Structures are given as structure tokens and as C-alpha cells.
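Please read the structure below before turning to the comments.
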Amino acid sequence: MMEEARYNGLVAGLWKRILAAVDQVDPDVLDAVATADMVTLTSASGEKVVINTQRAVRQIWVAGKGMGIHFSLGDDGRWMDDKGKGLELLAWIGECVAALTGEPPPQF
């Protein structure tokens, strides 16, 4: 299992990347709130996408578009869904944001 310090560093970098991309979206359309363990994206209509850490299993979980998807870090450095559906974390978050806002997904 990945060392906690490495996982924490990866999560911190991921949060920065997500927040920087979401900053491209009009704040009247999408609001972002971040903590060390969670990023919550809320649309103007109140719908949410929640991205959170699962430290015990070294995963990132995303609740969005009516689904909960778990992502693990692959050998290639990409966060991929753990069910083998071929979903990549940032692409999935982009799809969720686009579904919330009706706008093109932000560029991560």
C-alpha cells in the first residue's frame, strides 16, 4: 500500500489542480469549497459533486451524476475507477461539472 505521506502529497496536488480548473467557471454558476479531505462543487441550482479522500484504502471517491465512483492510483500515475470501467478521475469530474453547469467541462 502507498505510504500515507505520498498519498497526502498526491491529494494536495490533485485538490490544487481541481480548484484551479474550477476557477475557470463563473462563480455564479459553480462554487467550490475545499478542505484537506474534501472538495465540494455546488451549482447555482444547489446540485453537488463531492470529491473526497478515503485514506484507509488510498482512494479518491467522487459522488456525482447520481453515482459514487471510487478511484485508485494506477501504475501509469492516473487515478482510474476501481471497477474497470475505464473512467479517469479528472475526466469524470469534468463530466460531472458539465452536467451540473450545462457548460463545457473545465480544463484540468
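The values are calculated or read from the model by the stated rules, or taken from the named source; none is laboratory data. Predicted, not measured: the structure shown is a model, and the values here were computed from it. For neighbour counting, all protein chains shown are included, and Cβ atoms are generated from backbone atoms with ideal geometry for every residue, glycine included.
What's the total number of residues in the range 9-28 that are modelled with pLDDT of 95 or more and of a type in the set (V, I, T)?
Residues that pass the stated criteria total 2.
Go through (1) in contact with a Phe, Trp or Tyr (Cβ under 6 Å, 6 or more places away or on another chain); (2) surrounded by fewer than 17 Cβ atoms within 10 Å (Cβ to Cβ) one by one and return the number of the condition T42 breaks.
Failing condition for T42: (1).
Restricting to the range 23-40, and then to whatever is assigned to a loop (DSSP other than H, G, I, E, B) and aliphatic (A, V, I, L, M), can you tell me which residue is nearest to the chain's Cα centre (by Cα)?
A36
Here are some conditions: (1) touching a strand residue (DSSP E or B) at 6+ places or on another chain (Cβ under 8 Å); (2) buried (at least 19 other Cβ atoms within 10 Å of the Cβ); (3) at pLDDT below 95. K83 meets all but one. Which one does it not meet?
Every listed condition holds for K83 apart from (2).
In this structure, is A21 closer than 19 Å to G9 by Cα, buried (at least 18 other Cβ atoms within 10 Å of the Cβ) and among the small types (G, A, S)?
yes
On the basis of being within 16 Å of L89 (Cβ to Cβ) and out of contact with any Leu (no Cβ under 6 Å at 6 or more places or on another chain), does V50 make the cut? Outline the logic, then answer.
Values: within 16 Å of L89 (Cβ to Cβ): yes; out of contact with any Leu (no Cβ under 6 Å at 6 or more places or on another chain): yes.
Judged against the criteria, V50 is a match.
Here are some conditions: (1) among the acidic types (D, E); (2) surrounded by 11 or more Cβ atoms within 10 Å (Cβ to Cβ); (3) out of contact with any helix residue (DSSP H, G or I) (no Cβ under 8 Å at 6 or more places or on another chain). E47 meets all but one. Which one does it not meet?
Failed condition: (3).
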